[in-house]
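Please read the structure below before turning to the comments.
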């Protein structure tokens, strides 16, 4: 890590994707906005998908997204890396290739050294270089605590676009990254997490979803989303509602980051997990045998989390194999299946 002249984590109460507005409040606001009407719009806010998609011609559609948040870690360079990986994730979730990006940075030169400003941008640029995207500039304003992210444009073939509205009964749910980032960050603040486990959490947040997107494209996956601030249950609910299906998620099969299960069982649970659970509660059925800490981990806000995608049963073994041979998704796992639409949208087992 870089020499830390300032601990960014001490500047915020909620960092990363846990700083999002509660999903219920956000949905209420978005429902009052006028719908965009244009024949070239392929995806808009109507299905609460990962990004907007606009068809340019028969060969190319553009994916347009943005994401930014307050610090999720102490080191400025790592904060830049994580924020950039998270901003890119929406493009990957839709099967796209990142093309262009603009920095979005809120920073107070009066309260922090400019070296931190520089390191945040350097971290972001390093991840954009890794993705093969071009950073074309950006915008900065005076603000404290700092916030950083990017607006990203990607491209995808219109017929290969992956959305959150194409799940079909019988599909199998695969998750590419383990859960528990919000719990680990909360534990870091309280000095409860082992350094080795926390460092693994940081590395996971820096990991691009590029390899997962390539596997999805190879196997013709039609439905996916990335798991970020609304937690696994929140994003699965949006997928189920957009696809007009229900989903069963098996808590015993959820991949977890090292020590996250123990910490959650000990009661180290961030506030965002409770807000996410409140949001999904009306649409959720929880089996009485589900362990409480696993229910909370399924609600835990994930910063730069993995991809959740729906795979036809006959492709599951090949998809899991290809994910694991990438070398970056060893904990990829089947966590449930898509059901016909029933009374509840999500069944937690």
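The values are calculated or read from the model by the stated rules, or taken from the named source; none is laboratory data. Values in this document were obtained by computation on a predicted structure and should not be read as measured data. Every residue, glycine among them, receives a Cβ derived from its backbone with ideal geometry; neighbour counts consider all protein chains shown.
Would you check if there is a residue in segment 82-97 being at pLDDT 95 or above, out of contact with any helix residue (DSSP H, G or I) (no Cβ under 6 Å at 6 or more places or on another chain) and surrounded by fewer than 24 Cβ atoms within 10 Å (Cβ to Cβ)?
Yes, segment 82-97 has at least one match.
Only residues in segment 44-61 that are on the phi > 0 side of the Ramachandran plot count as the first member; pair them with residues that are buried (at least 18 other Cβ atoms within 10 Å of the Cβ) and at pLDDT below 80, Cβ under 9 angstrom, at least 6 apart or cross-chain, and list the lot.
Qualifying pairs under 9 Å: 48/23.
Which condition from (1) buried (at least 24 other Cβ atoms within 10 Å of the Cβ); (2) in contact with a strand residue (DSSP E or B) (Cβ under 8 Å, 6 or more places away or on another chain); (3) outside any loop (DSSP other than H, G, I, E, B) is the one that residue 135 breaks?
(1)
Among the listed residues 340, 330, which satisfies the condition of being surrounded by fewer than 19 Cβ atoms within 10 Å (Cβ to Cβ), out of contact with any helix residue (DSSP H, G or I) (no Cβ under 7 Å at 6 or more places or on another chain) and modelled with pLDDT of 95 or more?
340
Taking only pairs six or more apart or across chains, which ones have beta-carbon atoms under 8 Å, a first residue in segment 178-189 that is not assigned by TED's automatic domain parsing to the domain that holds residue 268, and a second residue that is in a loop (DSSP other than H, G, I, E, B) and crowded, with 24+ Cβ neighbours inside 10 Å?
none
Specify which of the listed residues (258, 241, 196) is more than 24 Å from residue 328 (Cα to Cα), in the same structural domain as residue 333 (by TED's automatic domain parsing) and in contact (Cβ under 8 Å) with a residue 24 or more places away in the chain.
Just one listed residue meets the conditions, 241.
Please find, among 68, 117, the residue that is under 22 Å from the mean Cα position of the chain (by Cα) and crowded, with 17+ Cβ neighbours inside 10 Å.
68
Here's a check for you: in segment 270-319, which residue that is in a strand (DSSP E or B) and under 20 Å from the mean Cα position of the chain (by Cα) is nearest to residue 247 (Cα to Cα)?
310
Could you tell me whether any residue of segment 100-108 is in contact (Cβ under 8 Å) with a residue 60 or more places away in the chain and either surrounded by fewer than 18 Cβ atoms within 10 Å (Cβ to Cβ) or farther than 28 Å from residue 220 by Cβ (or both)?
No - not one qualifying residue is present in segment 100-108.
Residue check: is residue 165 part of a strand (DSSP E or B) and either buried (at least 23 other Cβ atoms within 10 Å of the Cβ) or touching a residue at least 24 places away in the same chain (Cβ under 8 Å) (or both)?
When the stated conditions are applied, residue 165 does not pass them.
Just one of (1) in contact (Cβ under 8 Å) with a residue 60 or more places away in the chain; (2) more than 19 Å from residue 249 (Cα to Cα) trips up residue 302, so point out which.
So residue 302 meets the others, but not (2).
Given the conditions (1) within 22 Å of residue 105 (Cβ to Cβ); (2) at pLDDT below 90; (3) in a helix (DSSP H, G or I), which single one is not true for residue 28?
(1)
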